[in-house]
Each structure stands twice: as C-alpha cells, then as structure tokens.
1. Could you please find all residues in segment 79-107 being hydrophobic (A, V, I, L, M, F, W, C) and either touching a Leu at 6+ places or on another chain (Cβ under 9 Å) or in contact (Cβ under 8 Å) with a residue 12 or more places away in the chain (or both)?
2. Condition test on residue 36, is it among the small types (Gly, Ala, Ser), in contact with a helix residue (DSSP H, G or I) (Cβ under 7 Å, 6 or more places away or on another chain), over 30 Å from residue 95 (Cα atoms) and at pLDDT 85 or above?
3. Return the residues of segment 72-120 that are at pLDDT below 90 and on the phi > 0 side of the Ramachandran plot; say none if nothing qualifies.
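The values are calculated or read from the model by the stated rules, or taken from the named source; none is laboratory data. Keep in mind that what you see is a predicted model, and the values were worked out from it rather than measured. Here Cβ is always computed from backbone atoms with ideal geometry, including for glycine, and neighbour counts include all displayed protein chains.
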Amino acid sequence: MRWWKSGSYACTDCKKKFDFESIRYGSDGKTIRCVSCHEQVLREDQKKREAEAKPKAAPVMSDVLKLICVECRYKFSYRKGSRIQPVCPYCGKSRLMIDDTTADRLVEEVGRIRDWEKACRSGTAS
C-alpha cells in the first residue's frame, strides 16, 4: 500500500472519515472536504457569483449635481439640498460651475468645430 493511500482523512465540514481518493482540498489549500461537501461548496460559490454578476440598477443621480471648480478644474459631486456650502474639496474656493458635459454633447461640439474649420479653410465662414 502506498503512503498516500494509507489512513483516512476527516472532512472539515461533515467530520466523516474518507480515503485519499474521496477527498478534495478547499480553495484556501488548507481545508479538506469529501467529494459531496466539496461539490456543495462549489455550487454555493457558483450561486454567489451569479447573484453578483446580475446587473444592478444604476443609482438614481437626480439629486446629485456634478460640479467643476473654476479655479483648479477639479470635478466633484454635490448633493442637492445639502446644508453644507458647496466649495471645492481640493482648493477650497467657491467659484464653481455645473458640469453638464455628456459624451453626446462632446461629439456634437467636436462636429461643429470641424464644420467651422472646413468653412474657414474654404473661405465661407460667417
């Protein structure tokens, strides 16, 4: 009989004794489980991963303003209705503007700039 086949190993979950072929090591490399307990743990882990992978609803941001500091250009969020005076958390100044930039507006603005540059090159700019 080989040394790894001699004796029995206790499952850390169900505490029953099993031979070497019927045990599995846990993901931490320390726990020893029987095949049935190991498969049960794998199923539970799979359920947890599936639950985490489901897309979560985006948080409602309607009560949050995105602001930009005019002095240092730092971008941050401010909750509407807050009692705290809105100041830049980076430089402490209170000259702020609302950041309403979206990807669509940025693409639209770049398109207008390109159209204007083409018109300037052709000499038909207004």
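1. Step one: list which residues in segment 79-107 are hydrophobic (A, V, I, L, M, F, W, C), which gives 84, 87-88, 91, 96-98, 103, 106-107.
Of everything in segment 79-107, those that are hydrophobic (A, V, I, L, M, F, W, C) and either touching a Leu at 6+ places or on another chain (Cβ under 9 Å) or in contact (Cβ under 8 Å) with a residue 12 or more places away in the chain (or both) turn out to be 87, 88, 91, 96, 97, 98.
2. Working: among the small types (Gly, Ala, Ser): yes; in contact with a helix residue (DSSP H, G or I) (Cβ under 7 Å, 6 or more places away or on another chain): no; over 30 Å from residue 95 (Cα atoms): yes; at pLDDT 85 or above: yes.
No: the conditions fail for residue 36.
3. 81
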